[in-house]
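Here is the structure we will look at, set down as structure tokens.
The values are calculated or read from the model by the stated rules, or taken from the named source; none is laboratory data. This one's a predicted model, so the numbers in the text were calculated from it and none came from an experiment. Glycine gets a Cβ as well: all are built from the backbone with ideal geometry, and neighbour counts include every protein chain shown.
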Amino acid sequence: MADEIRYEVAGAVAWLTINRPEARNAMSAAVREGLAAGLSRFSESNDARVLVITGAGDQAFCAGADLKEMAGTRLKVPPAEYLPQVGAVAKPVIAAVNGVAYAGGFLLAQSCDLCIAADTARFAISEVKVGRGAPWAAPLPWLIPPRVAMQLLLTGDPISAQRAHEIGLVNEVVPAAELKAAAQAMAERIAANAPLSVLAAKRTVSLVAELPLSAARQAADDIWEPVYLSADAQEGPAAFREKRPPVWLGR
């Protein structure tokens, strides 16, 4: 894994940190490769159940692509594999946004399942200010009101963490000094739940964005049937009856 990325594990929670604070954690080629490697490592781990993505320092989560590097390579249309595919990860991923999340940094936060932001964080889709594209914003009107998405895309202007919370882009806003603890606490609450139920819940949320309602209901039934038939589905009620913590097997 690239030096620009740190991968650490705390209990059942993995942390993936972009470690270029001197460059506002911009996505260089090394960062992109490191993120992809970190996502693969997390996906393959039997111990880490939740991933938190953040940036080093207190100024930037990720300021987007490394424009100096981009100018040197004269990049035109980015290939499909240009950015790491956070949305393809089966297990839950949380963005802990510690500073600016602009352009590709906005995309990174948008792609995570949950987002906790420091009160000093700011968000912007700034591509229009540098003549670049944001095709990745296509799902954004599913996350936030379409007119707000339109404003973000057309103006390129940043919004505060509080405004991002108001429009539904961010789940929680916390004091900057409490961000890591808040993200770890949320991740631990998720990791403590039945793993099959967590994975099914993540898949369920996006169904209506992809399918008509009747088809989404059928797909949800298909997703959840193996959960109902699992050993964990019997363990949960048994643990409740016996007044003890459940012991999840993940099967």
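For region 19-31, filtering for residues that are surrounded by fewer than 21 Cβ atoms within 10 Å (Cβ to Cβ) and in a helix (DSSP H, G or I) leaves 5.
Criterion applied to Arg203, Arg244 was being outside any loop (DSSP other than H, G, I, E, B), among the basic types (Lys, Arg) and either in contact with an Asp or Glu (Cβ under 7 Å, 6 or more places away or on another chain) or surrounded by fewer than 17 Cβ atoms within 10 Å (Cβ to Cβ) (or both), and the one residue passing it is Arg203. Taking the condition outside the structural domain of Ala14 (by TED's automatic domain parsing) and either of a type outside the set (Lys, Arg) or out of contact with any His (no Cβ under 9 Å at 6 or more places or on another chain) (or both), does Ala220 pass? Yes; evaluated as a whole, the condition is true for this residue. When region 36-83 is filtered for residues that are modelled with pLDDT of 90 or more, crowded, with 20+ Cβ neighbours inside 10 Å, in contact with a helix residue (DSSP H, G or I) (Cβ under 8 Å, 6 or more places away or on another chain) and not basic (Lys, Arg), the ones remaining, listed by number, are Leu39, Ala48, Val50, Leu51, Val52, Ile53, Thr54, Gly55, Ala60, Phe61, Cys62, Ala63. Within region 153-166, the residues that satisfy the criterion of being touching a residue at least 40 places away in the same chain (Cβ under 8 Å) and hydrophobic (A, V, I, L, M, F, W, C) are Ala161, Ala164. Within region 121-167, the set of residues being among the hydrophobic types (A, V, I, L, M, F, W, C) and assigned to a strand (DSSP E or B) comprises Phe123, Ala124, Ile159. The residues of region 206-232 that are assigned to a helix (DSSP H, G or I), surrounded by 12 or more Cβ atoms within 10 Å (Cβ to Cβ) and in contact (Cβ under 8 Å) with a residue 24 or more places away in the chain, listed by number, are Trp224, Pro226, Val227, Asp232.
Do we find a residue being of a type in the set (Val, Ile, Thr) and closer than 30 Å to Ala90 by Cβ anywhere in region 129-143? The answer is no; no qualifying residue exists.
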